[in-house]
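What follows is a single structure, written as structure tokens, with notes after it.
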Amino acid sequence: MSTSTTPLLPRKAESVSVRGKQLYYEIYGQGSPLFLLHGYTQSSVAWKPYVEDFAKDYELYLVDLTGHGRSEPFKEDLSIRSVAEDLQALIQYLQLPRIKAIGFSFGGDVLYQLALLDPTLIESMITIGAVGSWSILDFPQFLETFTFENRENFPWLLNSHAGDEQIKGVLTQFKNYRVSLTDEELQSFKPEVLIIIGDDDQGMSLREIVRVRENLPASDLWILPDVAHGAHEGENKQEFIEKAKRFLSKTK
């Protein structure tokens, strides 16, 4: 693990128009393309502490998903499928025929939808705190907590987004967060998937994790004890990086 204190700078950063929306992304490193996708209410800033490790082996893409970060605020109601379509359009713009990807929470749900949209695009993917099916309707307490009025209680909101308009858009759209995968859709999956879950993740159903694991054609499952939603963070960071690299380097 590097001891450098100087953060890597992107070799490219731009905002582009896809499907009538401005999306922002950054590129680091050289190699085969690896996308890092953030959670809902976050931005690509959340992945900056991981750039130096992954950019040694990959051409790394950090994307501000629709409505987040330096991408423009939401123009329409949140749809995970639509966010995946926006990401697909960005990948087409970048002329990348195949990618690998890691998605945290919202980013993981987006990856599942992207794999359905284009079955051959994703070679392998890692999801953290996500199994492709989730509804805010099952967690009304999240809507009560994550409000614009409470934004000061969540420092990453202020660090991740362009301003109050964007923060308000992200929090307002949270009520529309609903996505699901059928057994048949899971069984049709082409990418190999590593599912990472903390066993104290209050937003994840063990029953749903088992269903997804049983139906995915090629998947591994890593459950971390005494760990909440961000299973890749904190004291687990280095082990996550090592396991992720081993998984992504496998050849079929």
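Read-outs throughout are calculated quantities, based only on the coordinates presented, and are distinct from any laboratory measurement. Quick caveat: nothing in here was measured; it's all calculated off a predicted structure. FYI the Cβ positions are ideal-geometry reconstructions off the backbone, even for glycines, and counts take in every protein chain you see.
Which three lengths, in whole Å and largest first, does region 1-144 cover when its Cα atoms are put on their principal axes?
43, 32, 27
Testing the spin-label approximation: label points 7 Å from Cα along Cα→Cβ at Lys48 and Glu165. State their distance in nm.
With each label point 7 Å from Cα toward Cβ, the separation is 2.3 nm.
Rounding to the nearest 20 debye, state how big the charge dipole of region 1-63 is about its Cα centre with +1 on each Lys and Arg Cβ and -1 on each Asp and Glu Cβ.
I would put it at about 240 debye.
Return the single residue from Gly107, Gly169, Gly67 with maximal mean-square fluctuation; model: Gaussian network over the chain, springs between Cα atoms under 10 Å.
Ranking Gly107, Gly169, Gly67 by mean-square fluctuation puts Gly169 first.
Which of the helices in the chain, when you take each full DSSP H run, stretch at least 15 Å along the axis at their Cα atoms and have an average Kyte-Doolittle score of 0.5 or higher?
106-117
Using the Cα centre of the chain as the reference point, and only Cβ charges (+1 on K/R, -1 on D/E), how large is the resulting charge dipole? Debye, rounded to the nearest 20.
With only Lys, Arg, Asp and Glu charged at Cβ, the dipole is about 700 debye.
May I ask for the distance between the Cα centers of region 214-235 and region 172-195, given as a whole number of Å?
Result: 16 Å between the Cα centres.
Can you put Phe104, Phe154 in order of Cβ neighbours within 10 angstrom, beginning with the fewest?
Ranking Phe104, Phe154 by Cβ neighbours within 10 Å, fewest first, gives Phe154, Phe104.
Where nothing but the Cβ of Lys and Arg (+1) and of Asp and Glu (-1) is charged, how large is the charge dipole of region 137-252 around its Cα centre, in debye to the nearest 20?
Rounded to the nearest 20 debye, it is 520 debye.
Between Ser249 and Lys190, take the C-beta separation as r, use R0 = 25 Å, and let me know the FRET efficiency to the nearest 0.05.
0.85
How would region 116-178 be classified by its alpha-carbon gyration tensor: rounded, prolate or oblate, with rounded meaning a/c under 1.5 and the a/b versus b/c comparison settling the rest?
prolate
Could you tell me which residue out of Gly203, Ala228, Leu216 lies farthest along the dipole of region 195-252 toward its positive end? Charges go on the beta carbon: Lys and Arg +1, Asp and Glu -1, centred on the Cα centre.
My answer, from the dipole projection, is Leu216.
Evaluate the relative contact order of the chain (contact order divided by residue number), counting alpha-carbon pairs under 8 angstrom at least 6 apart; express in whole percent.
Relative contact order, the chain: 18 percent.
What translational D, rounded to a whole number of µm²/s, comes out for the chain from Stokes-Einstein when the hydrodynamic radius is the Kirkwood one over Cα pairs, at 20 °C and 1.002 mPa s?
117
Which whole-number percent gives the relative contact order of region 141-252, counting Cα pairs below 8 Å spaced six or more residues apart?
This gives 22 percent for region 141-252.
Please compute one quarter of the surface area of the Cα convex hull for region 82-232 and express it in square nanometres.
9.4
For region 10-75, state what percent of all Cα-Cα pairs lands in each successive 10 Å bin, counting from 0 Å until the bin that includes the largest distance.
Bin by bin from 0 Å, the calculated values are 23, 52, 23, 2.
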